[in-house]
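Encoded as structure tokens, the structure appears first; notes follow it.
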Amino acid sequence: MKKLSVLLMFFCLSASPAFPQTGFNPEVKRVAVFKNGYAFTYREGEAEILNGWAYTTNAPAGVLGTVWGYSTLPNVKVTQLLASESEKPDTEKIEQVNSFVEFLKLNKGARVRIEGYNNKIFEGTYRLIGETNNYSMALQTERGTIILSPGRIETVEILGATKYEKKTVVKNGMEKRLSFKMEGATNGQKINLGVAALERGIRWIPAYRVEAKGTPVKEAKLELEAMIINEMADLKNSDVYFVVGVPHFLFQDSMSPLSMNSAFSGVSSYFEPGAGNSRRDSMSNAIMSQVASTGDSTYVDDPLPTVSEEEKSNTFSADQLFLYQANGIDLKKGERASLRLFSLTVPASEVFEWTLTDSSDTQTRYLEYGRSSSTVPLVQDLSGKVWYGLRLKNQTGMPWTTAPAISFREWKPMGQDMLTFTPVGGENILRVTPATEVTGTHTLEEKARERVRLEYSNSTYDFDLVTVEGSIKLRSVKKDPVEVVITRNLVGEVLSATDGGKPARQGLNLQAVNPNSVVKWNLSLANGEKEIRYTYKIYIRR
């Protein structure tokens with residue numbers, strides 16, 4: 001009995017209905033596009049219901065658990081989706097005849113006048129007998145039937161309408177179908193059917209243009225454009241929603257059994273995670289914290305902003321996601337386009353920013369110092385760049401997604417960096433270019449050392465408790481005071497900080513031998529020099 005049940009299940013999943021159906025061609029009407037290459041599509045089209053069914057061969061390659069059919073009529077429901085392989089409808093092929101034999105076959109039964117051997121004339125209706133390459137003509141006259149071989153025929157005159165084109169029926173093989181079973185629809189009724197699914201093959205890449213205005217800078221023109229890459233399906237007058245947020249689709253790598261294709265769309269490098277472009281990966285849909293981004297960019301600079309008026313696309317939120325809306329988009333599969341989502345003026349000011357961060361292996365080096373001949377020195381060179389930047393305040397009523405941003409002063413490009421996620425009402429610093437009018441140096445000096453014993457990794461070890469003092473010296477040649485923001489990320493416990501420095505611990509392991517700490521300063525720096533100091537303690541294993 002179990003074997004019979006398995007066989008019946010296989011038959012139901014693979015066999016198409018045994019009665020005629022009509023096909024329809026749904027097109028993408030709405031699509032919510034994520035930055036990671038996935039999109040939620042709504043394909044719709046008019047279908048004529050026959051025997052309670054309709055089918056399409058233009059079905060999505062959807063993710064497991066996301067494919068479902070629907071009707072736009074409230075009293076009509078889709079009760080079943082059936083993925084099957086069926087014979088394609090036969091088609092007729094019309095061709096010109098290209099031989100005397102084909103011409104005679106095409107016009108068989110017609111009345112003809114034939115000139116035979118010795119100029120004899122015969123008239124009547126004919127048919128062909130025998131094989132294609134060994135045939136004879138049977139001519140039915142008033143006196144009887146005359147059999148003529150091709151070699152005894154000089155001319156043939158068709159009396160009446162003559163055919164020169166032949167029709168042949170072409171078998172088109174098998175096709176994959178997604179069939180819809182309807183409830184509440186009458187035979188022959190035309191209704192709008194749809195199929196929704198999470199698909200792969202279309203993504204968007206945001207990019208900002210920032211034009212600083214005023215001396216000193218008081219505001220900036222901020223423009224956001226969406227670069228959309230379509231390798232999924234043609235978009236014809238479609239509504240496109242660009243999603244900002246963190247999508248969570250647990251089975252995004254598993255294809256639905258209802259999908260027709262054997263693989264997802266999107267095969268170019270733009271749809272390969274981690275394909276040698278960490279900068280692209282950093283713009284995934286994760287809502288990033290307000291941190292500065294470093295490293296070289298591989299993006300091509302965008303042209304100068306040309307929009308002077310205030311404008312923005314329709315926007316709305318869906319719980320933890322935010323969507324920019326663009327209507328009536330035409331974009332064929334394989335095409336790419338750039339769409340402006342908003343162009344708005346926002347409050348802005350100039351700022352000089354300096355971030356000093358311990359290397360990523362500092363924690364390990366403190367715990368392994370002296371135990372390996374390859375251990376690098378404890379004191380690090382942290383004299384990185386001071387950056388000239390723009391502090392931007394988000395008063396646009398919509399969050400700013402993480403994206404590269406190129407900055408201008410009038411028509412002159414100043415630099416490009418990453419503008420990280422900024423919530424509504426929040427502020428962010430966009431790095432523009434390394435500063436030349438504000439510079440700084442940073443030094444570390446050991447102030448005290450004592451030997452202690454600590455329990456570490458379920459054992460007790462000898463450590464040196466070292467007190468370190470950091471000194472940050474700033475110099476400004478600007479005539480007017482400037483705002484300077486300094487962030488010192490370090491491994492250790494902060495003891496003190498001058499000039500209003502605000503220390504805090506960060507990370508999850510707050511009880512580590514050496515916790516991760518941060519000190520932040522927000523200063524007004526006048527023309528000349530200024531020194532700020534801070535102290536912290538670290539445990540170094542002996």
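The values are calculated or read from the model by the stated rules, or taken from the named source; none is laboratory data. Computed from a prediction, not measured in an experiment: that's the story for all the values here. Cβ coordinates were reconstructed from backbone atoms using ideal geometry, including for glycine residues, and neighbour counts include every protein chain displayed.
The set of residues in the stretch 469-523 being of a type outside the set (A, V, I, L, M) and under 37 Å from the mean Cα position of the chain (by Cα) consists of THR487, ARG488, ASN489, ARG505, GLN506, GLY507, ASN509, ASN516, SER517, LYS520.
Sort through VAL452, VAL432, VAL477, VAL491 and tell me the only one that's surrounded by 17 or more Cβ atoms within 10 Å (Cβ to Cβ) and out of contact with any helix residue (DSSP H, G or I) (no Cβ under 6 Å at 6 or more places or on another chain). Result: VAL432 is the single residue among VAL452, VAL432, VAL477, VAL491 that is surrounded by 17 or more Cβ atoms within 10 Å (Cβ to Cβ) and out of contact with any helix residue (DSSP H, G or I) (no Cβ under 6 Å at 6 or more places or on another chain). The residue that is surrounded by the fewest Cβ atoms within 10 Å (Cβ to Cβ), among those in the stretch 407-424 that are more than 22 Å from the chain's Cα centre (by Cα) and assigned to a strand (DSSP E or B), is LYS412.
Restricted to strands (runs of 3 or more DSSP E) entirely inside the stretch 38-115, those with at least 3 residues that are in contact (Cβ under 8 Å) with a residue 40 or more places away in the chain and exposed (fewer than 14 other Cβ atoms within 10 Å of the Cβ) are 77-87, 91-96. When the strands (runs of 3 or more DSSP E) confined to the stretch 132-208 are screened for residues that are in the same structural domain as GLY52 (by TED's automatic domain parsing) and within 30 Å of GLN80 (Cβ to Cβ), those reaching at least 2 such residues are found at 174-183, 190-200.
Pairs linking a residue in the stretch 210-228 that is in the same structural domain as LYS412 (by TED's automatic domain parsing) and over 16 Å from ASN394 (Cβ atoms) to a residue that is among the aliphatic types (A, V, I, L, M) and surrounded by fewer than 21 Cβ atoms within 10 Å (Cβ to Cβ), with Cβ atoms under 6 Å and 6 or more positions apart or on different chains, are ALA226/LEU339; MET227/ILE205; ILE228/ALA337.
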